[in-house]
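Below you'll find the structure, written out as structure tokens, and then a few comments.
The values are calculated or read from the model by the stated rules, or taken from the named source; none is laboratory data. Computed from a predicted structure; not experimentally measured. So basically every Cβ, Gly included, is an ideal-geometry build from the backbone, and we count neighbours across all protein chains shown. These accessible areas exclude ligands, DNA and RNA; they are computed on the full protein's heavy atoms, side chains included. Shrake-Rupley method; radii C 1.70, N 1.55, O 1.52, S 1.80 Å.
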Amino acid sequence: MIIRDPNPADQAQWLELWEGYNAFYGRAGATALSSQITHATWRRFFDPAEPVHALVAELDGRLVGLAHFLFHRSTISMAPTCYLQDLFTSEQARGRGVATELIEQVAVEAQRQGSARVYWQTQETNARARSLYDRIAVRSDFIVYRMTLDPLV
């Protein structure tokens, strides 16, 4: 398995993974993300001014996993903090260490940027992922709240 940065030629295979990831979280059909968001997300990975990054897992010449992460400032640290926003492994590659290797490489990239922490979230019901996360990280005591807003601009 190779964990690497995506390249423009990966777009079709990345899109398959991206759509699978979004479907897993209920964003498919009538609730799917707009193509505008998907295209903007892909473009951001290749824009050095963007804080959004991606890694892909390649196995036997096919992409089988993705990780999207970003760096942000924090009020409790001088170093940037790394947020692992998206992590997905294709169904046929699950159980082969893809997610573990992606997370480990995100951690390496975070260290290179001076981060002292990587964090992520998942659904409480995602038992398979949580069993991995419980082995490699410490579960936070924080609960996530969201407020949906209508943009003013």
| field | Accessible-area composition of the chain, carbon plus sulfur, in percent [1.4 Å probe] | value | 53 percent
| message | Can you give me the distance in nm between label points at V108 and R43, each placed 7 Å from the Cα along the Cα-to-Cβ direction? | response | 3.1 nm
| said: Need one number: % antiparallel among DSSP beta bridges in region 1-125, to the nearest 5. | reply: 90 percent
| remark: Surrounding charge for A23, neighbours by C-beta under 12 angstrom, Lys/Arg +1, Asp/Glu -1, total -2
| Could you give the dipole magnitude of the chain about its Cα centre, charging the beta-carbon of Lys and Arg +1 and that of Asp and Glu -1, in debye to the nearest 20? | 320 debye
| note | Expressed per residue, the solvent accessible area of the chain in Å² (1.4 Å probe) is about 68 Å²
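Could you work out [θ]222 nm for the chain from helices alone, using -39500 (n - 2.57) per DSSP H run of at least four and dividing by all its residues? Round to the nearest 500 deg cm²/dmol. List each step's numbers first, then the result.
Values: 4 runs with 49 residues, N = 153.
That comes out to -10000 deg cm²/dmol.
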| request: Would you check the accessible area of S115, probe 1.4 Å, heavy atoms only, in square angstrom rounded to 10? | output: 20 Å²
| task | Can you pull the one-decimal nm distance between simple spin-label points at L59 and Y145, each 7 Å off the Cα toward Cβ? | result | 4.0 nm
| field | Accessible surface ranking that places the most exposed of E109, E19, E101 first, with a 1.4 angstrom probe | value | E19, E101, E109
| said: At 7 Å along Cα-to-Cβ for each site, give me the label-to-label distance between Q92 and T75 in nm. | reply: 4.8 nm
| task | Work out which helices of the chain, taken as complete DSSP H runs, extend at least 20 Å along their axis over the Cα atoms and score a mean Kyte-Doolittle of 0.0 or more, then list them. | result | 98-112
